[in-house]
Structure formats: structure tokens, C-alpha cells
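Chemist: Below are the C-alpha cells for one structure; questions will follow.
The values are calculated or read from the model by the stated rules, or taken from the named source; none is laboratory data. Remember, it's a predicted structure, so these values are computed and weren't measured experimentally. Cβ placement follows ideal geometry from the backbone for every residue including glycine, while neighbour counts extend to all protein chains displayed. What goes into the accessible areas is simple: the full protein's heavy atoms, side chains included, and nothing from ligands, DNA or RNA. Shrake-Rupley method; radii C 1.70, N 1.55, O 1.52, S 1.80 Å.
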Amino acid sequence: MSEGRDWEKIWFVVMLVIVAAFVAYSFFGVVSGSTATYRYGLPLASGLPKPLPNGTVVIYMEGVQWAWVPQNATELLYTANGTLVKVPVTSQVITYVDGFPYVKVYPGQPVEFILYSNNVVHAFYIRLPHGTQNVNIVPGIDSYSFFFAPTTPGNYTFHCAEYCGVGHSYMYGYLEVM
């Protein structure tokens, strides 16, 4: 038997306090968006910059079996007094090529996809020069993908990376940087 203090219990309490501090720090960092990287879509928009940069194109995209269906697109513009104006740009940004969605953006333009599904789990996957994005889309929960468009013009394919049925391999679209 040891005499004096019970060092095992003291050590346990010290470690418990340290772990609680790390968990609290991580939680508040993710919720505020300060520690979340923009490469990963997080629910509740916690990984998005606040406020979104001027000129951000926001595209609402629905994943259905077995297609990406862009609903609409708006561009966020801030006036001189700081007021946010949402300009509808659906017809300039979203078109279709051979039945697949074709999203057109400018080089370096900030892009936000608000992704949702109404039937099964999907995953939005796009490979860009500065890194890949793979965002899981759970039915009924909005997911967010934010990135700056590549500075070099080109065509980038996005597709579903989560097997969602027999037509899964035909679930893709294009991001055109003009």
C-alpha cells in the first residue's frame, strides 16, 4: 500500500481535464469554421468561409438516382454599403450537354455547391488541380462544397463516388472553367 496521495487518481483527473480541453477546442473550432478546411463538405455549412467571398456562385444541386440535377444558381454580390445581393444566374451558369449538367464558371471564381438528395446516399466527387473534393450526401441533410475554380481554363468532371444503384456509372456532370 502506498502512503500519502493516491497518484493514480490524481493522474486520471489531470488527463481527463486535458482531454476535455482538447475536445472543447476542436468542437468550437469546427462549429465556427476556423479550423475546418474548405476541401471537405461539412453539414451545417461549418466549413464555409464567413462571409462568402464577393462573386461566389451558389449552385443548388440535387442528387437523384441516377443523375445530378442542378436546381438553380445565384451569384452573391456585395454593394458598397455591404448589403448582400443575390443575383439569379441560372441560365448563364447551368446548361446541359448530352443530357448531363454543364456548369460554367470563371477562373478563380469562388464556387459553392449546396448538395442534397431525396432518395439514397450519394457522394459528390470532383478532382481539381489544387486537390480533390469528396462530399457525402445523406438524404434529407444539406451538404456543402466550397472551392475556388481553377485559374487555368478547362473542363473538370464531377461524378457520384458512392454506389447508388445500377445507373451509378452514368451519374456525372461537367465543370467548365471559361
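Chemist: Select from the range 84-107 the residues that are open to solvent by 70 Å² or more (accessible area, probe 1.4 Å) and assigned to a loop (DSSP other than H, G, I, E, B) and write down the one among them that is modelled with the highest pLDDT.
Modeler: Result: Y106.
Chemist: Criterion first (of a type in the set (V, I, T), farther than 19 Å from E62 by Cβ, at pLDDT below 95 and not in a strand (DSSP E or B)) does T152 satisfy it?
Modeler: yes
Chemist: From the residues in the range 138-159 that are among the aliphatic types (A, V, I, L, M) and surrounded by fewer than 17 Cβ atoms within 10 Å (Cβ to Cβ), which one is farthest from L52 (Cα to Cα)? Give the derivation first.
Modeler: Let us first name the residues in the range 138-159 that are among the aliphatic types (A, V, I, L, M), namely 138, 141, 149.
Among the residues that remain, those that are also surrounded by fewer than 17 Cβ atoms within 10 Å (Cβ to Cβ) are: 138, 141.
Working: V138: 24, I141: 21 Å.
So the residue we want is V138.
Chemist: Mind listing whichever residues of the range 65-74 are closer than 10 Å to C164 by Cα and either among the aromatic types (F, W, Y) or open to solvent by less than 30 Å² (accessible area, probe 1.4 Å) (or both)?
Modeler: Once the filter is applied, which keeps residues that are closer than 10 Å to C164 by Cα and either among the aromatic types (F, W, Y) or open to solvent by less than 30 Å² (accessible area, probe 1.4 Å) (or both), the range 65-74 yields only W66.
Chemist: For the range 158-178, which positions are in contact (Cβ under 8 Å) with a residue 24 or more places away in the chain and over 15 Å from P70 (Cβ atoms)?
Modeler: Within the range 158-178, the subset in contact (Cβ under 8 Å) with a residue 24 or more places away in the chain is 158-162, 164-168, 170-178.
Hits for the range 158-178 are A161, E162, C164, G165, V166, G167, H168, Y170, V177, M178.
Chemist: Within the range 112-137, restricting attention to residues that are in a loop (DSSP other than H, G, I, E, B) and under 12 Å from C160 (Cα atoms), which residue is most open to solvent (accessible area, probe 1.4 Å)?
Modeler: Here is the first cut: in the range 112-137, the ones in a loop (DSSP other than H, G, I, E, B) are 118-121, 129-130.
Imposing the further condition that a residue be under 12 Å from C160 (Cα atoms) reduces the set to 120-121.
Values: V120: 42, V121: 63 Å².
Here the answer is V121.
Chemist: Please work out which residue is modelled with the highest pLDDT, limiting yourself to the range 18-64 and to residues that are open to solvent by 80 Å² or more (accessible area, probe 1.4 Å) and closer than 23 Å to H159 by Cα.
Modeler: L44
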